[in-house]
Amino acid sequence: MDSLFIFLGRLHPLIVHLPIGVLILLALLEVAGCLPRVPKLSDGVRTLILLVGACSAAFAALFGWWLARDGGYDPTLLFRHRYLGVATAVLACVLLGVHLLHWRRTYAVTGVLTVVALSLAGHLGGSLTHGEDYLALPQPKKAPVTDPTKVVVFADIVHPILESRCVSCHGPTKSNGDLRYDSWEALLKGGKSGPTFVAGDSAASRMIQRAHLPLDSKEHMPPKGKPQLTDNELSIVEWWIDVGAPKDRKLAEADLPPKILEALAPRYPTLRPPVPDRPTSLVAANALEKKLNVPIRPLAMDSPWFSANARLAGSQFGDAQLATLAPVALALQSLDLGETAVTDAGLQAVAAMKNLKRLSLDRTAITDEGLGHLLQLKGLEYLNLHTTAITDKGLTSLKALSKLRSLYLWQTKVTPAAVEALGSQMVDVRRVRRIEDQIAQLQNEMRRQQFNANLGTANAPPAEPAKPAASVPSTPTTPPAKPPDAPPVP
């Protein structure tokens, strides 16, 4: 029964606007009637308006009382709003009675009191829903801080995300589950179900678990219909929790994984490493190409990024030659060292190529020890280790390369179990499920937008989804009552 009252109470925002509009309209008509040449309300019309206003005000107060059972509201504001709403309904009924008794002076005084009570109740209702400062003049926005040395991760990045997505239901005026996100202290306190996050473990944090639930789930947060966390916002909050949920750490002091760097770079451009100067890189590349007899070319016209292919030099290209690529190290995004004489020691030069995305080391003498030099290549997406001495031990070090998606290990000593373990660490299963859920919703929406027609013809191929037509025929085609028999199959 209690759940029924809560359900009915949620109709309060729909009902409450009727008495507000009716009683304010009555007040305006009464004031206008005092002006010369403006017709006054007749007793019959006034009675009808007052009857609608009084009844709707009484229903609004009743449904609002039931809505309060849902909980999560500021108790002081709720108390004032609740009893001012009841007072408004009572005054509206009294106003109707005074009108029927033709007590003119009492009618005027009661009408003013009704409008005052209605205005105060409406203001408090808006404060409960949107915050106490909802009707206040907006303060001029401060210029965002863009200097990473001054940006505080929680105060300037994480908390604004929580304010925009969570505080409407978990704030000072409405705190579902006694949980608030509007301040650091409130966030640490948690709610009825305990702490909302576990510092150092986002996967075990309730706020993250609920954000990853399917959108249609009752426990998904934010609820369906509310502004949802974007993938970048969710990644930032998860990262902040995983690094210990610090309160005062500066952005410049944080070790940013590639995914977080990409999410924050549009807002803080200085986080991005400087783009290499193309003319300078071209001069250095041309000189090295002639010296090493190795192609070093731009990846695209006018691109600042280059590729180098040492495979053509074969065993003539070793650690010493690799070290000479230092002048173009930051401009390289693709490097092919396959079938060369490069060893573990030479890979120290590769560690300086911070922007490298593709690296081929197949058929070289590298071992597990050499892979440790690759851990600085945070943007590496492709790695070819075919026909090398790499083992399971070396493979475990690659888990730090969070953007690695293509790894070639044919004819190595790596076992399938090690590959499976690495894959489970490299893939964010929660994010994949979230994307799958979004795809499923889009597919359902696509199916709802499609149109199929069946004329009942035997052996007819399935109808293609119809394209939007300029007009619809006025007389639809009627299929035969019984489809003709199918011809025999030869």
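Taking other Cβ atoms within 10 Å as a rough exposure proxy, His102, His17, His159 sort from fewest to most as His102, His17, His159. The long axis of helix 104-130 is offset from the longest Cα principal axis of the chain by roughly 10 degrees.
Extension gain, Leu4 to Val45: 0.36 nm times the residue separation minus the Cα-Cα distance gives 11.1 nm. I need to check one value: relative contact order of the stretch 190-289, counting alpha carbon pairs closer than 8 Å and at least 6 residues apart, in percent. Relative contact order, the stretch 190-289: 21 percent. In the frame of its principal axes, the chain has Cα extents of 111, 80, 49 Å, reported largest first.
Secondary structure note: in the chain, about 35% of the DSSP beta bridges are antiparallel. Per-residue Karplus couplings for the stretch 294-306, computed as 6.51 cos²θ - 1.76 cosθ + 1.60 with θ equal to phi - 60°, are listed in order as 10, x, 10, 10, x, 6, 7, 4, 6, 7, x, 9, 10 Hz, Gly and Pro entered as x.
Measuring max minus min along each principal axis, the C-alpha atoms of the stretch 278-414 give extents of 42, 30, 21 Å (largest first).
Using +1 on the beta carbon of Lys and Arg, -1 on that of Asp and Glu, and nothing else charged, what's the dipole of the chain about the Cα centre, debye to 20? Taking the Cα centre of the chain as origin, the dipole is about 1240 debye.
Checking the a/c ratio against 1.5 first, then a/b against b/c, what shape does the Cα gyration tensor give for the stretch 153-271? In terms of gyration-tensor shape, prolate.
For the residue pairs Lys189/Lys259; Lys290/Lys378; Lys259/Lys357, the C-alpha atoms sit more than 23 angstrom apart in Lys189/Lys259; Lys290/Lys378. Return one number: the angle in degrees, 0 to 90 and rounded to the nearest 10, between the long axis of the Cα atoms of helix 278-292 and the longest principal axis of the Cα atoms of the chain. Relative to the chain, helix 278-292 is tipped by roughly 20 degrees. Relative to the longest principal axis of the Cα atoms of the chain, the long axis of helix 429-449 lies at roughly 60 degrees.
Read-outs: derived from the displayed coordinates by stated rules, not from any lab. Computed from a prediction, not measured in an experiment: that's the story for all the values here. Note that each Cβ is placed from the backbone with ideal geometry, even for glycine, and that neighbours are counted across all protein chains shown.
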